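The values are calculated or read from the model by the stated rules, or taken from the named source; none is laboratory data. Worth saying up front: this structure is predicted, and the values here are computed from it rather than measured. Because the Cβ atoms are built from the backbone with ideal geometry, glycine has one as well, and the counts that use them run over all protein chains shown.
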Amino acid sequence: MRNIRIYKDDIRTHILRSLFFTDTAIVSAGIVFISVGIYLIFVYGFHFFDWGYYLSTLFVAIIFFIAFVSQKIDNQPIFKIVPRATTFSTSTKELRVTNIDPYFTDFHIQDDLIVRKDKLIRVYEIEPFDIALLNEQDREHFFIRLKQAIHVLPAQTQFIVRKVPAKSSDYSKHFFSLYDDSSSDRESLVHEYIENLTKLVDTSSFFITKHFAVLSVSCTTHKPQAVVEGVKKLNDSSSRLTASLVVCNISTKPVINEELKQFVRSILR
């Protein structure tokens, strides 16, 4: 049975490079360079030449040279890695971290709007309705109203659910509800409970789930009249969103200014 040898050439590499810059050619050229170099060192450096010293030095140098060029790093020959590393370390670097543009390059934030080149975006925070204490009939009615609300939502609506670090201000609605159902003799207990819970939340790493709705309309933002029309459409979509969810006892509030900037940073990080 005959052995078949298959030779493959990289068409991206010049044909002369694939012919002459082989492993055998590189080792042979290295040996010749070492031989000439050691000869010049003996003759012009030490001003003394002896064949015994020369051949023994050449033999040791060739052994070290072959051991060096036969090393591989990540399955790549070291004689290919060293020139690349030298070229990389001496050449001018492009696209370093300091030259990369930040995320806030294609939009800016104005009040409660995210203004892009061809879009206006508004973000609403949704406060879900707790149905844990509802009976079966009320829960069924809730889901029926929720299905009806989904059908009348604006067409371009994106819902985002995120876990964020909890703050004591996130429990303000819960704190107010305690005072609504408490009597005068329980106010001291409620006040102590609120202080303890606030201290626990501020000193611990708790996470809560927040829900957001993102509305967007297309418009040419560099034209003032187009921006006015886009804001009107966005206001209509916002009214539809709020009206459709309030039927299900789900409240919404717009995310504005610093809260909006923090939201965008958390999304784009």
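A few points about this structure:
- Residues of region 210-228 that are without any contact (Cβ under 8 Å) to a residue 60 or more places away in the chain and surrounded by 15 or more Cβ atoms within 10 Å (Cβ to Cβ): Ala226 alone.
- For region 143-155, the criterion of a residue being under 31 Å from the mean Cα position of the chain (by Cα) and either in contact (Cβ under 8 Å) with a residue 60 or more places away in the chain or not in a loop (DSSP other than H, G, I, E, B) (or both) is satisfied by at least one position.
- Test: residue in region 193-206 that is touching a residue at least 60 places away in the same chain (Cβ under 8 Å), outside any loop (DSSP other than H, G, I, E, B) and either farther than 30 Å from Gln158 by Cβ or in contact with a Leu (Cβ under 8 Å, 6 or more places away or on another chain) (or both): no
- The residue pairs whose first member lies in region 70-89 and is farther than 20 Å from Ser28 by Cβ, whose second member is assigned to a loop (DSSP other than H, G, I, E, B), and whose beta carbons are closer than 6 Å, counting only pairs six or more residues apart or on different chains, do not exist in this structure.
- Extreme residue, farthest from the chain's Cα centre (by Cα), among residues of region 218-269 that are in a loop (DSSP other than H, G, I, E, B) and more than 30 Å from Phe143 (Cβ to Cβ): Lys223
- Residues within region 229-269 that are among the basic types (Lys, Arg) and at pLDDT below 85, tallied: 3
- Of the listed requirements (1) under 18 Å from Arg240 (Cα atoms); (2) at pLDDT below 80, Phe176 misses just one: (1).
- Residue within region 121-135 that is surrounded by 10 or more Cβ atoms within 10 Å (Cβ to Cβ) and more than 34 Å from the chain's Cα centre (by Cα) present: yes
- Yes/no for Leu200 being at pLDDT 85 or above and more than 27 Å from Phe107 (Cα to Cα): yes
- The residues of region 1-46 that are outside any helix (DSSP H, G or I) and modelled with pLDDT of 80 or more amount to a single one, Phe46.
- Residue match in region 219-228 (condition: among the hydroxyl-bearing types (Ser, Thr, Tyr) and either within 22 Å of Gln158 (Cβ to Cβ) or modelled with pLDDT of 85 or more (or both)): yes
- Restricting region 119-138 to residues that are among the charged types (D, E, K, R) and modelled with pLDDT of 85 or more leaves a set whose member that is farthest from Thr220 (Cα to Cα) is Glu136.
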